[in-house]
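A quick write-up on the structure given underneath.
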């Protein structure tokens with residue numbers, strides 16, 4: 001059996017301790033309409049209407065997140081402050097293309113293969129975001145800062161692991177995209193399958 005990178009990551013995720021999370025994320029899909037009746041026209045429409053990137057080009061799809069926290073800071077008898085708990089409120093949004101009209105026969109099948117593969121790719125980014133949140137929890141909950149009766153210093157102190165987790169996520173996400181979009185990569189093959197009808 002041949003496994004794609006998405007298949008491998010799904011297996012790893014299934015075996016991960018992340019299954020023990022005591023929090024959950026809200027997922028939403030934000031479709032954008034594209035037009036065309038053959039694969040190449042659908043792909044051109046994606047190029048015209050897809051979400052804008054920081055470089056000014058257009059992406060096929062995009063995953064963003066909104067993260068808020070409820071943190072329990074507790075002053076300690078010795079004058080220190082401890083972060084006793086942190087509950088994340090995470091919303092993950094997937095921006096994906098959606099054909100605006102019914103597609104003919106074989107094209108519909110190629111489109112389904114394409115969009116299912118792209119959605120699976122974005123879901124991996126979503127799981128990476130969850131891992132980032134898990135990392136923040138692991139590196140901040142239990143942190144104690146001395147001489148902080150008002151629990152002010154600790155709020156500044158937790159910024160360092162927050163930034164580290166975010167930067168690690170971004171690097172991991174970029175590496176994944178680079179692999180998937182390189183020649184012969186999963187996304188590259190999905191594009192060829194749609195455009196060439198394979």
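Details
- Test: residue in segment 60-78 that is over 30 Å from residue 22 (Cβ atoms) and surrounded by 12 or more Cβ atoms within 10 Å (Cβ to Cβ): yes
- With respect to the conditions (1) modelled with pLDDT of 95 or more; (2) surrounded by 13 or more Cβ atoms within 10 Å (Cβ to Cβ); (3) within 27 Å of residue 103 (Cβ to Cβ), residue 51 lacks only one, and its number is (1).
- Residues of segment 23-66 that are in a strand (DSSP E or B), in contact (Cβ under 8 Å) with a residue 24 or more places away in the chain and within 18 Å of residue 174 (Cβ to Cβ): 62, 63, 64, 65.
- Leading residue by the ranking (farthest from the chain's Cα centre (by Cα)) among those in segment 132-156 that are part of a helix (DSSP H, G or I) and surrounded by fewer than 16 Cβ atoms within 10 Å (Cβ to Cβ): 153
- Residues located in segment 88-100, provided they are assigned to a strand (DSSP E or B) and either surrounded by 13 or more Cβ atoms within 10 Å (Cβ to Cβ) or modelled with pLDDT under 95 (or both): 88, 89, 90, 91, 92, 93, 94, 95, 96, 97, 99
- Options 190, 103; residue that is buried (at least 16 other Cβ atoms within 10 Å of the Cβ), part of a loop (DSSP other than H, G, I, E, B) and touching a helix residue (DSSP H, G or I) at 6+ places or on another chain (Cβ under 7 Å): 103
- Flag for residue 165 being modelled with pLDDT of 95 or more, outside any helix (DSSP H, G or I) and surrounded by 13 or more Cβ atoms within 10 Å (Cβ to Cβ): no
The values are calculated or read from the model by the stated rules, or taken from the named source; none is laboratory data. In this text the structure is predicted, and so the values were computed from the model without any measurement. Cβ: placed from backbone, ideal geometry, glycine included. Neighbour counts: every protein chain shown.
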